[in-house]
Amino acid sequence: MVERREGMDKPVIVTVDDDPGVSRAVARDLRRRYGHDYRIVRAETAKDGMEAVREMRLRGDEVAAILADYRMPQMNGVEFLEAAMDLYPYARRVLLTAYADTQAAIQAINVVDLDHYLLKPWDPPEEKFYPVLDGQLDAWQRTDRRERSELRVVGDRWSAPSYKVRDFLARNHVPYQWLLASEPEGAQLVKAAGDGCHLPLVVQPDGTVLEAPDQTTLAAAVGLSTTPATDFYDVIVVGGGPAGLGAAVYAASEGLNTVLVEAYSSGGQAGQSSRIENYLGFPDGVSGQQLADRARRQALKFGAELLTPRKVNSLEARGQARVVGFKDGGEIAAHAVILATGVTYRRLQAPGLDDFVGRGVYYGAALTEAPWCKNTEVFVVGAANSAGQAAVYLSQYASKVHLLVRGDGLEKSMSHYLIEQIAALPNVEVHLQTEVAGASGDGHLERLTLSTKGEERTVDAQWLFVFIGAEPYTSWLGETIERDARGFVLTGPDLVQGGRRRLWDEIEAARDEWQQLGCPDRNRFQVAVDREGARLLFGDREWLVV
Ligand SMILES: Cc1cc2nc3c(=O)[nH]c(=O)nc-3n(C[C@H](O)[C@H](O)[C@H](O)COP(=O)(O)OP(=O)(O)OC[C@H]3O[C@@H](n4cnc5c(N)ncnc54)[C@H](O)[C@@H]3O)c2cc1C
């Protein structure tokens, strides 16, 4: 049976439990607290529940949360939530479990991106039920729930600009449909866009067509925010990988006016990981995309602003402000700037390879391209975890994965769990002491020259994924920030020289300057340290030293 209440215009909370007593009790608790703002829909079987959800979808009702019991005969709670998610992707998903089923609930966190699981019974609800659901409904209220029909991207299979558009959309979590210009549906859209149009085409849900859009145009079209709301913040975070997102969450949650500036897509390198298994709190692993999405939502929830894509290319101290300049013009300032710019991929050096980037040669891009590698042989270069993960992931699609390793083993650079996974996969072959010596092809990668212990051979190859480590991209910092010889920004103990922090050297330099200005007593100064930094005060003059 399905029980409906009045107030058809309110958003709905759905609850499904096959035990009639429990089902009524859940609905009663829900009504008591949320009945004023939400309509409570209760079902006693998964089938009835699904029917109700489908009806609501057709009617255009809004569903805020779905609570499903784990143990139901026809369809368990996880399956129910998974099916409901197709109809209401933004509804918060809560699984109701008994203590014995918590393992299943933990697994469901990954399967259906479960938002919470609740142990039954929850007496008193004020302590054990309402705080959880308050949080979920609050999150739902903040979600941008506008329906987005799919974008369509039309291009050529081996075109680097097409790949760039697809990669940008995928890494920014924008769903799209990829159509080849050579196939009927794609060809029709190309025809409609007019003779001589430039590929790739991005066809928006309202029919607007963008021809070979640049990143800024594309970002604006898919609703990414690139314009800062103000010109002065408490904190500017540069870089939206896990470190930057973490910094933004904690700064914003402390009430600091925070903006995060990301050059390409939030999630950074981690966003490209097919499965991260060693992240605290995810015993069954989590995909990089899911992790990035959750972190981004968390930062937004606390009020942080996220600008994507905007690249920062200057940083300077101007009085007590720290000023960050954008590559495409404009600047913003803050009391503090956090640099979380991670690293950029090192390029593999071999004749011909650069000609095929985005056309068979990919840096850290196994996720987007994997489905296209079905039943083909692929080559992965690298010996660390990212290469290992890519090999495991690609092995689900490719007929064979060749892992090319320069050294004589994986043990030094790859986690043990990944080495074991690779060893267990029949379609992954590890080639030790092997390097790529060259690449060739007509319009896209077709052949690789491999060198094993100095002996060269040429093999047919359409796909090469490179994961050979990365280096800090910090040259844009100029003289402002101290770095080591490899470009890493000095922090913590690295700022200590001869037993003293570098700050001390700067104080000494300011003292020298003070002395040169005619004051004989280089020790008559005060140090003022506040949230803007540290200043040296000599009479009415001051020097900012940090
Ligand atoms: C495929 C893959 C799989 C991985 N798997 C694992 C794993 O399983 N477990 C694990 O522990 N680690 C894994 N790693 C490593 C992990 O992802 C990184 O250690 C982590 O992402 C580093 O986080 P970060 O925030 O410091 O930097 P990054 O993730 O590198 O993020 C830096 C961000 O800053 C942005 N940026 C850089 N310069 C600028 C600028 N000037 N202006 C604006 N933005 C800028 C970049 O675009 C980037 O988004 C993996 C890495 C890869 C590539």
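Read-outs throughout are calculated quantities, based only on the coordinates presented, and are distinct from any laboratory measurement. Fair warning: this is a prediction, and the values are worked out from it, not measured in the lab. No Cβ is skipped: glycine too gets one built from the backbone with ideal geometry, and neighbour counts run over all protein chains shown.
Sorted from greatest to least, the principal axis extents spanned by the alpha carbons of the stretch 151-221 come out as 28, 26, 19 Å. So between Ala220 and Lys453, what do we pick up on full extension, going 0.36 nm a residue minus the alpha carbon distance? Value of the extension gain: 78.9 nm. Pairs of alpha carbons in the stretch 310-407 separated by more than 16 Å make up 67% of all such pairs.
Taking all C-alpha pairs of the chain, those more than 39 Å from each other amount to 42 percent.
What is the order of Thr368, Thr491, fewest Cβ neighbours within 10 Å to most?
Thr491, Thr368
Taking other Cβ atoms within 10 Å as a rough exposure proxy, Arg42, Arg54 sort from fewest to most as Arg54, Arg42.
Protection proxy ranking of 275-283, 182-190, 300-308, by the mean of other Cβ atoms within 10 Å over each peptide's residues and highest first, is 300-308, 182-190, 275-283. Working note: 222 nm ellipticity from helices only, DSSP H runs with n ≥ 4, each -39,500 (n - 2.57), summed and divided by the residues of the chain, gives -8500 deg cm²/dmol to the nearest 500. Relative to its Kirkwood radius, the Cα radius of gyration of the stretch 202-277 gives an Rg/Rh of 1.07.
Beyond 14 Å, the tail of the calculated P(r) for the stretch 127-188 holds 68 percent of the Cα pairs. The calculated FRET efficiency for the pair Asn427 and Ala317, based on their C-beta separation and a Förster distance of 60 Å, comes to about 0.65.
Note on the stretch 309-385 and the stretch 472-496: Cα centroid distance 18 Å, given to the nearest whole angstrom.
Subtracting the Cα-Cα distance from 0.36 nm times the residue separation, let me have the gained length for Leu537 to Tyr176 in nm, one decimal. Working shown, then result.
Numbers: separation 361, 0.36 × 361 = 129.96 nm, distance 5.84 nm.
Net length gain for the segment: 124.1 nm.
In this simple spin-label approximation, Thr227 and Arg59 carry label points 7 Å from Cα along the Cα→Cβ vector, and these lie 4.0 nm apart.
Take every pair of alpha-carbon atoms less than 8 Å apart whose residues are at least six positions apart; their mean separation over the length of the chain yields a relative contact order of 8 percent.
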